[in-house]
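Below is one structure, written out as structure tokens; comments come after it.
The values are calculated or read from the model by the stated rules, or taken from the named source; none is laboratory data. Every value quoted in this text rests on a predicted model; they were computed, and no experiment measured them. Every residue, glycine as well, gets a Cβ built from its backbone with ideal geometry; the counts of neighbours run over all protein chains shown.
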Amino acid sequence: MSGAARRPMLPVIGRSALLMFMSFIFVFYVGGPVYWLFKTSIEPEAQVAAVPPNWIPQDPTLFNFEAIISAGNEVTYETRRQGDPATGRFMPTGAKYLLPALWNSFSVGVAVAILNVLLSATAAYAIALIHFRGRRFTLYTILVTRVIPDIALIVPLFLLLRNFGLINTKAALITTYLAITVPFTIFILINYFQSVPRELYKAARIDGCSHLGVLRHVYLPLAMPAVVASLMFAFLTSWNEFLFALMLTQNIQAQTLPIIISGFALDFTVSFSFLNAAGVIAIVPPVVLAILFERYIVSGLTAGAVKG
Amino acid sequence: MAKIACRQLTKKYGNVTAIDRLDLEIRDTEFMVLLGPSGCGKTTTLNVIAGLEEVTEGDVYFDDTLMTYVPPHKREVAMVFQSYALYPQKTVFENIAFALRLRKVHDAEVRQLVQGAAEQLEITHLLERRPSELSGGQRQRVALGRAIVRKPSAFLMDEPLSNLDAALRVTMRALIKRLHRTMRTTFVYVTHDQAEAMTMADRIVVMRDGVIQQLGTPHEIYHRPRNLFVASFLGSPQINLVDGRLEAHEGGGSFVRGGWRVPLADARLANQSGREVVLGVRPEDLRVGGSDLEAAAELVSPLGSEQYVNACVDDVELVLRVDKDVTVSTGDRLPLGLDPRRLHVFDKQTGEALSGQPEP
């Protein structure tokens, strides 16, 4: 065996060690806060601020979840101390709104996700495949609307929606969120649709598909990864949105989870364990969705359509 | 089954004119080949017939019914593409069945029709596979299956064999020709391959820059090319073209160039003395043995079944097709004979044929 052929082992080990180390830092950086959120949600208030901090919950409990979910309507200024008199934790006044807000967030999110894909897919199909006059102009106009910062639009939007009598409704949130998600989704889908060989469009038209048929039978199935990504993107945008929800909704008719949970931190006294239990509840639905749809987000669906 | 007519068809993309006032009549059950170099407008013409491109001007008729504004999915034509264009997410069976499914054909009938088409194309064993698991030839068979399963009124093919290797192309050529015979449907076939055009067509349209150069049977196109472009586009090796002029003499006209003096058969050329012309001679029409010209062999390319010889007469290089049994080596002096009736004369300025070969 010649010396040149032997692999120098030390640098290889060193490189993997460095990679491991950097990965660990990255995971800690991203996952650390989430871990802390989760940890404090299953321990009593007294341990949240323990010094020195404990990394592993001393005696894990689901009490925090039970308490805020079953808070019901009895939480008033007078009764809120009843949450856990022993430790002096204070039930947030907004706790009774937690479940209605969860439903609001979920229903608005699902509506935005579905409508977003329906609107964007048809628009993207038209722009990507039909050579109509004013096609470029349409595309640029759609994209330019996204350059304007949201905060600049709040007052006009508020006035507009008030004129339509939509303040405090889910419809107000849905239309507003669609205005945010649709342009991005159109942009993503146009690129995806254009990557599908144009012969497939021709073949489907010849086989007897109308434009809508081509979209339904050929382009949407082939763009499934992009469609699923758009569904997730729209749902998450809606789920996390705070600013518009704060301005456009004023009571539990339409208020979403971020508004209610942020309210937990605005009481006279704040209980971290309750606040964080609500936080965990807020991150569960998106995580579940991501796990459910993950298998659809695969590429290479168009393999074998055309030569090369 | 349909007769297809294009009337004054014009298609422009911005400033580029892809088709220029094209008039074309395709007969019912005819195998029509659109032949030309890339960019000549043949594919655009096919797309216009299919309805995939809107026309700038002019009209398309199927059996005297105006189709110009009928969307493609209502024209009942079938099409096969160069790139096969199979739906990658569907199995072979579903690819072939797709058009039937859209027409709400009963499930048992779909099964029967797909099976029938698959048997005809010998792909029954592939029905459950996906396109990505097939070879190029198999994919093209599936694409054909998708088209024949529907009994379309016209069958459009856009260079369907260009992506296949040479041997497969010959088999598929025969297969398509057989399909045409059994289906008795109008076929419109686009290609840049003259061999495909000559072997399959009932009639050929030769196109260039969006304009029809000549329309006729393969025999007419090959033996009586209407202009220089058609003459040089068909034939392999290419037709030999020699510049010169006409000269009249007793009993007819001759082509003259330096030492060349070639008598011409066509009497119409006799009184055009002095006209600048191009003489066209197909390689197979130059006979070794004869007394019209003497050439020096420069290069011999044996093909097995025959041989091509590049030979020089004065400063002109000619290609000859020579029988495989004739022994020719570089430097040989070859006496050449020309059959006056097999010569083509074109005007030098316009490229138009002045005489063609008479009907045999």
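Things worth noting here:
- Residue check, A:TYR201 farther than 15 Å from A:SER120 by Cα and in contact (Cβ under 8 Å) with a residue 24 or more places away in the chain: yes
- Considering the stretch B:271-360, the qualifying strands (runs of 3 or more DSSP E), each wholly inside and each with 1 or more residues that are without any contact (Cβ under 8 Å) to a residue 40 or more places away in the chain and touching a Lys or Arg at 6+ places or on another chain (Cβ under 8 Å), run over B:286-302, B:306-313.
- The listed residue being farther than 30 Å from B:TYR87 by Cα and in contact with a Gly (Cβ under 7 Å, 6 or more places away or on another chain), out of A:ILE260, A:ILE281: A:ILE260
- The residues in the stretch A:203-212 that are within 7 Å of chain B (Cβ to nearest Cβ) and in contact with a helix residue (DSSP H, G or I) (Cβ under 7 Å, 6 or more places away or on another chain) can be counted, and the count is 6.
- The listed residue being aliphatic (A, V, I, L, M) and either outside any helix (DSSP H, G or I) or loosely packed, with under 14 Cβ neighbours inside 10 Å (or both), out of A:VAL228, A:VAL287, A:VAL218: A:VAL287
- Residue list for the stretch B:183-240, restricted to those being over 9 Å from the mean Cα position of the chain (by Cα), over 27 Å from B:GLU317 (Cβ atoms), part of a helix (DSSP H, G or I) and not charged (D, E, K, R): B:MET183, B:HIS219
- Count of the stretch B:201-216 residues which are surrounded by fewer than 23 Cβ atoms within 10 Å (Cβ to Cβ) and touching a Phe, Trp or Tyr at 6+ places or on another chain (Cβ under 7 Å): 3
- Filter result for B:THR29 (within 14 Å of chain A (Cβ to nearest Cβ), closer than 20 Å to B:ARG203 by Cβ and surrounded by 14 or more Cβ atoms within 10 Å (Cβ to Cβ)): no
- Any chance B:ASN95 is at the interface with chain A (Cβ under 10 Å from one of its Cβ atoms), more than 25 Å from B:GLN115 (Cβ to Cβ) and either touching a residue at least 60 places away in the same chain (Cβ under 8 Å) or part of a helix (DSSP H, G or I) (or both): no
- Given (1) touching a residue at least 12 places away in the same chain (Cβ under 8 Å); (2) part of a loop (DSSP other than H, G, I, E, B); (3) closer than 30 Å to B:GLY210 by Cβ, number of the condition B:ARG150 does not satisfy: (3)
- Filter result for the condition that a residue is farther than 19 Å from A:LEU220 by Cβ, at pLDDT 90 or above and assigned by TED's automatic domain parsing to the domain that holds A:ALA101, over A:ARG162, A:ARG133: A:ARG162
- Qualifying residue in the stretch B:257-276 (condition: at pLDDT 90 or above and assigned by TED's automatic domain parsing to the domain that holds B:PRO340): yes
- Residue in the stretch A:111-139 that is nearest to A:LEU289 (Cα to Cα), counting only those that are under 14 Å from the mean Cα position of the chain (by Cα) and surrounded by 16 or more Cβ atoms within 10 Å (Cβ to Cβ): A:ALA113
- Any chance B:LEU161 is assigned by TED's automatic domain parsing to the domain that holds B:PRO37, assigned to a loop (DSSP other than H, G, I, E, B), aliphatic (A, V, I, L, M) and crowded, with 22+ Cβ neighbours inside 10 Å: yes
- Residue list for the stretch B:98-117, restricted to those being in contact with a Leu (Cβ under 7 Å, 6 or more places away or on another chain) and within 11 Å of another protein chain (Cβ to nearest Cβ): B:LEU100
- Screening the stretch A:213-222 for residues that are more than 8 Å from chain B (Cβ to nearest Cβ) and touching a residue at least 60 places away in the same chain (Cβ under 8 Å) and picking the one that is nearest to B:ARG101 (Cα to Cα) gives A:VAL214.
- Qualifying residues in the stretch A:238-264 (those that are of a type in the set (Val, Ile, Thr) and not in a helix (DSSP H, G or I)) - the one surrounded by the fewest Cβ atoms within 10 Å (Cβ to Cβ): A:ILE252
- Any helices (runs of 4 or more DSSP H) falling wholly within the stretch A:116-210 and containing at least 3 residues that are out of contact with any Lys or Arg (no Cβ under 9 Å at 6 or more places or on another chain) and farther than 28 Å from A:SER105 by Cβ: A:135-144, A:170-195, A:198-207
- Unmet criterion (only one of (1) on the phi > 0 side of the Ramachandran plot; (2) assigned by TED's automatic domain parsing to the domain that holds B:GLN272; (3) touching a strand residue (DSSP E or B) at 6+ places or on another chain (Cβ under 8 Å)) for B:GLY251: (3)
- Filter result for the condition that a residue is more than 11 Å from chain B (Cβ to nearest Cβ), crowded, with 18+ Cβ neighbours inside 10 Å and of a type outside the set (Phe, Trp, Tyr), over A:LEU153, A:LEU173, A:LEU200: A:LEU173
- Among (1) buried (at least 21 other Cβ atoms within 10 Å of the Cβ); (2) of a type outside the set (A, V, I, L, M, F, W, C); (3) in contact with a Pro (Cβ under 7 Å, 6 or more places away or on another chain), the one test that B:PRO237 misses: (1)
This table checks each residue for (1) part of a helix (DSSP H, G or I); (2) within 14 Å of chain A (Cβ to nearest Cβ); (3) among the acidic types (Asp, Glu); (4) free of Cβ contacts under 8 Å to residues at least 24 places away in the same chain.
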| position | (1), (2), (3), (4) |
| --- | --- |
| B:ILE49 | yes, yes, no, no |
| B:VAL55 | no, yes, no, no |
| B:ASP59 | no, no, yes, no |
| B:MET79 | no, yes, no, no |
| B:TYR84 | no, yes, no, no |
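- Residue in the stretch B:290-302 that is modelled with pLDDT under 85 and surrounded by fewer than 17 Cβ atoms within 10 Å (Cβ to Cβ) present: yes
- Index of the failed condition, A:PHE235 passing every other in (1) away from chain B (no Cβ under 14 Å); (2) within 29 Å of A:ALA290 (Cβ to Cβ); (3) surrounded by fewer than 18 Cβ atoms within 10 Å (Cβ to Cβ); (4) of a type outside the set (Gly, Ala, Ser): (3)
- Within the stretch B:118-177, considering residues that are at pLDDT 90 or above and at positive phi, the one farthest from the other protein chains (Cβ to nearest Cβ): B:GLU122
- With respect to the stated conditions, B:PRO72 is free of Cβ contacts under 8 Å to residues at least 24 places away in the same chain, of a type outside the set (A, V, I, L, M) and within 14 Å of chain A (Cβ to nearest Cβ).
- Within the stretch A:26-49, the residues that satisfy the criterion of being aliphatic (A, V, I, L, M) and more than 27 Å from the chain's Cα centre (by Cα) are A:ALA46, A:VAL48, A:ALA49.
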